[in-house]
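The values are calculated or read from the model by the stated rules, or taken from the named source; none is laboratory data. What you see is a predicted model, and the numbers here were worked out from it, not measured in a lab. Ideal geometry is used to build each Cβ from the backbone, glycine not excepted, and the neighbour counts take in all protein chains shown.
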Amino acid sequence: MGSRIMHVIIANGIAEKLSIHDKTSFLLGAVAPDAVHSKKEKGTSHFYAGTTKNYTRRIDYDSFFHKYESHIDSPFILGYYTHLIADDNWLSGFFLPWLKNRIENDETIAPLYYNDFKLLNAKLLHHYDKEQQLFSLLNQEAHIVDIEEVSKENVLAFRKYLFEDMLYPKQHLHEDLQVFTFNQIVSYIETAIEKGAFFITQLSHEKSTSKI
């Protein structure tokens, strides 16, 4: 799945595209599904459906939307929704088609994969957040919906990992990626921004239509 920093960058791009005012709540919603500890909890918080064994694995973001439809005006809930959409893109575009196979069949890939994520923290923040505004945004007061899958306390505590991600060594900007390419990840992020913004706009249209 996409990294914490990728999700924050995607959410910030969507927030700017749609002029979402409460960016802090939106950004924290966009990392909330990862703010749990166990594999089982992450399965629940990501609304997984299907299995990898029969090639039906996906993220059921529609199920999340229907469960929390009454909170759909909440920037936090909308941010959470965009995380699920972006992770479904990662699942269908990266993990299932090729990455899963390589990790399972080449033991050298997993360490390189995780190291790429560390390097990408630096490269992506340098590319998308040169003014270092994300740190300030994440540190502001937020309106978090305490949902069944992830507690408010977990989300607030999770911020420290984001702040640690932002304190990257400068040499990471110059080290080469081993599994991914930078353009590949930028394309993933830009597509996730476009798709997330599209789906939120669709929700807004549906809500307006239902009131007529």
- Examine region 22-36 for a residue that is surrounded by 15 or more Cβ atoms within 10 Å (Cβ to Cβ), over 18 Å from Val150 (Cα atoms) and either touching a residue at least 12 places away in the same chain (Cβ under 8 Å) or polar (S, T, N, Q) (or both), and state whether such a residue exists. yes
- Flag for Ser63 being under 23 Å from Gln202 (Cβ atoms), hydroxyl-bearing (Ser, Thr, Tyr), in contact with a strand residue (DSSP E or B) (Cβ under 9 Å, 6 or more places away or on another chain) and at pLDDT 95 or above: yes
- Tally, over region 152-168, of residues that are in contact with an Asp or Glu (Cβ under 9 Å, 6 or more places away or on another chain) and surrounded by fewer than 12 Cβ atoms within 10 Å (Cβ to Cβ): 1
- Item | Within region 57-79, considering residues that are of a type in the set (S, T, N, Q) and farther than 22 Å from Leu137 by Cβ, the one nearest to the chain's Cα centre (by Cα) | Ser63
- Note on the structure: Of the residues in region 54-97, those that are hydroxyl-bearing (Ser, Thr, Tyr), free of Cβ contacts under 8 Å to residues at least 12 places away in the same chain and over 20 Å from Glu148 (Cα atoms) come to Thr56
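Within region 65-109, track down each residue that is acidic (Asp, Glu) and surrounded by fewer than 12 Cβ atoms within 10 Å (Cβ to Cβ). Outline the logic, then answer.
Taking region 65-109 and keeping what is acidic (Asp, Glu), we get 69, 73, 87-88, 104, 106-107.
Scanning region 65-109 gives Glu69, Asp73, Glu104, Asp106, Glu107.
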- Query: With respect to Glu16, is the statement that it is within 18 Å of Leu203 (Cα to Cα) and at pLDDT 95 or above true?
  - Reply: yes
- Task: Provide a single number: the residues in region 195-212 that are closer than 19 Å to Ile9 by Cα and in contact with a helix residue (DSSP H, G or I) (Cβ under 8 Å, 6 or more places away or on another chain).
- Result: 5
- Task: Enumerate the helices (runs of 4 or more DSSP H) found wholly within region 98-165, keeping only those where 3 or more residues are closer than 20 Å to Leu177 by Cα and touching a residue at least 12 places away in the same chain (Cβ under 8 Å).
- Result: 109-128
